Structure formats: C-alpha cells, structure tokens
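What follows is a set of notes on a single structure, which appears directly below.
FYI, it's all coordinate maths here, none of it is from the lab. All values derive from a computational prediction rather than experimental measurement. All Cβ positions, glycine included, derive from the backbone under ideal geometry; neighbour counts span all protein chains shown.
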Amino acid sequence: MIVAMQDHAAEEHIQAVIERMVELGFNVHRTTGTNQTILAGVGTPGHFDVAEFGVLPGVYEAYRISSPYKLAGKSFRPEGTQIRFANGVVVGGNQVILMAGPCSVESREQILASAKLAKRAGAQFLRGGAFKPRSSPYSFQGMGLDGLKLLREVSDETGLLVITEVMEISQIELMLPYIDTFQVGARNMQNFNLLRELGHVRKPVLLKRGIAATIEEVLLSAEYILSGGNYELMLCERGIRTFETYTRNTMDISAIPVLKKLTHLPVFGDPSHGVGRRDLVPPMALASVAAGADGLLMEMHPNPDKALSDGAQSLFPEQLEKLVAQLRLLAPVVGRSVA
C-alpha cells in the first residue's frame, strides 16, 4: 500500500499514519521529496480497508500496490531517486555520470594510469575489479584486498569515486573502507542472500541485469536491497543472452526507457558487456544516453591488447575521449549534460 501525504503535512499526522500501518502489520518505508512524504507499506498484513487511510488527517491519497515490486516502483518516489556523493557527484540528476576503467586491477602502474586517463576524459568514477568472477577457473581472478587498496589509493590521488564488484557476503565488510559503490554483477543478480545483506549497508549499490533476466525479475531483485532500507540503488542494463552470436550479448536498449518508466531508480548502460566488442561500444553508449540512461559504465584500459581480462571490449584511451566528446554533443538533445 502507498499512502501519499499532503504537501508539507504535519509530522504528527505522518507519525499517526505510520503507527496505524504498523498496527496492521505493515513494514513501513518512508521517503520525503521536495514537498511530499510517501509511506510505502510492505509485508503481509491481515484484512484492511485502504479507504480508512484516505480520510486520516494529512493524507492526500492511499491506494493498494498491484505490482509485486512495492519499493522499486515509481509510486514510491515519484520525483525519482538521486544519489549524492561526498565530492558533489549526483547520480540521477541532469548530468550523465561516467564510470570508466579496466575490467580488473592488474598493478599499481596500470590502475593509476587508468584513473588519470578516465579523469582526463571526464569520468566521475573509476571502475575496476579487485575480485573477478570468471567463466574459467584458470583465468585471472583479481588481486583481492591488494586490488581494493590500490583502487582507493589512486582514486584519492585523482579525485575519482570507486566502484567495484562484490561477489559474496563475506566481502562486504572487507570492501567498505575502500569503495564508494558496490557493484552486483549479472551472475549475482538473483543471489538473494547477498542482496539482503546489501540492503542493510548504507552505501550505494549498482545492480546489473542478469544475462537472462526479465525486467520484472530485475525490479524484484532491486526490491531485496530496498526492503532492507538501502534506497541508494542504481540499475544497469548490460546485455542479455539471445540466439545472436556476433556480439557477446545483445544490448537491450529498450530496457532503459522501460525501466525509467517503471522505477524511480537511476538506470545505467554498460555497452562494454552489452556487445563485447570495442568497435561497437561507442554507438551503444550513445544509444543508451539517447534512450534515457542516467550514466554509463565502460571498460577502458591503457593498453587493451595486453589486458589480463576483457581486452577485446575495452576502449583505448583515445576512443574514450572521442566518445565523451560525442556524448557532450548528444546529451543536450535529450535534455541532459556531460561534464
């Protein structure tokens, strides 16, 4: 159930509604916009009459939520979610946010060079894997804790924010001091135990769509994180598996405007994994922004031909700079901007 309070409703009226919802067995999630407070009741309460809430003091309207995702739906935050970082970066605002860097941290020299190149191109985040989930057990698996320390060190030096992938619950506490955003990869989109734990962490999360996941499944996975009270969540379209073999995955550009319609959460595009070919990354990045993406997650390596992972889909530094220049021309056409 959603209870939308009147603009500038008195706090005592809001608390009275919350108390009544709790009495009925709801878990109440509160969000406050510029003028209005929204109360979302989730759980399995007994019989209740939604009309009872519509006449309570300070209530604008109350209605049942028919969709299975209660907190991820747009009605919970009609104004949209904005995630603000300590350095002033805002995700979900007018500016298209850029996250760039190598697939994995390989050495201090490599990740420092990547950070400087990403910063010069206009990125706000440095991406790079410290723990790498690989299809083959014989492939490079990442540097682990040493990789996390390097990410933090070079990001502090360059002023970039850090996003990297968390693979299991035991890594969460280890990663907290070193990162600014947790990334949940496609393989873990339905790792519900991990998602529950991330719901209890007060640090932003970027959740990638699984390789065969429907839109509803993505939003239900998001619900696990939101239901724990962590509302600083971003979604990411990174391509799905279809019968086509020319590209690594099929970049579902249509998922971006669909998600923007259904949810209040910021939506990113990951064209690197979406197609798996660096020559196709720029057009898919441009298409993502044209479709309404709030940001892009892209792989860039100082020397892709010598990368220990995903070199074929990693942009050369000059390609990233050229792409960002194109994005700066495109973004105003769809009412956005690029730094």
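Listed values, structure above:
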item: For the stretch 12-64 and the stretch 200-245, distance of Cα centres in Å; result: 27
item: Value at 222 nm in deg cm²/dmol, rounded to 500, when DSSP H runs of n ≥ 4 in the chain each add -39,500 (n - 2.57); result: -9500 deg cm²/dmol
item: For peptides 85-98, 297-310, sequence by mean Cβ density within 10 Å, most packed first; result: 297-310, 85-98
item: Sites matching chymotrypsin sites (Phe, Trp or Tyr not before Pro) across the stretch 237-337 that sit in DSSP coil, with at most 16 neighbouring C-beta atoms within 10 Å; result: PHE243, TYR246
item: Estimated FRET transfer efficiency when R0 is 25 angstrom, pair ARG196-VAL22 (beta carbons, to 0.05); result: 0.70
item: Surrounding net charge for GLU197, when Lys and Arg each add one and Asp and Glu each subtract one, Cβ distance under 12 Å; result: 0
item: ASP270, ASP180 arranged by Cβ crowding within 10 Å, fewest neighbours leading; result: ASP180, ASP270
item: Chain lengthening between GLU318 and ASP305 when straightened (0.36 nm per residue, less Cα-Cα); result: 3.2 nm
item: Within straight-line cross-link reach of LYS203, aspartates and glutamates at Cα separation under 12 Å, skipping those fewer than 8 residues along the same chain; result: GLU173, ASP180, GLU232
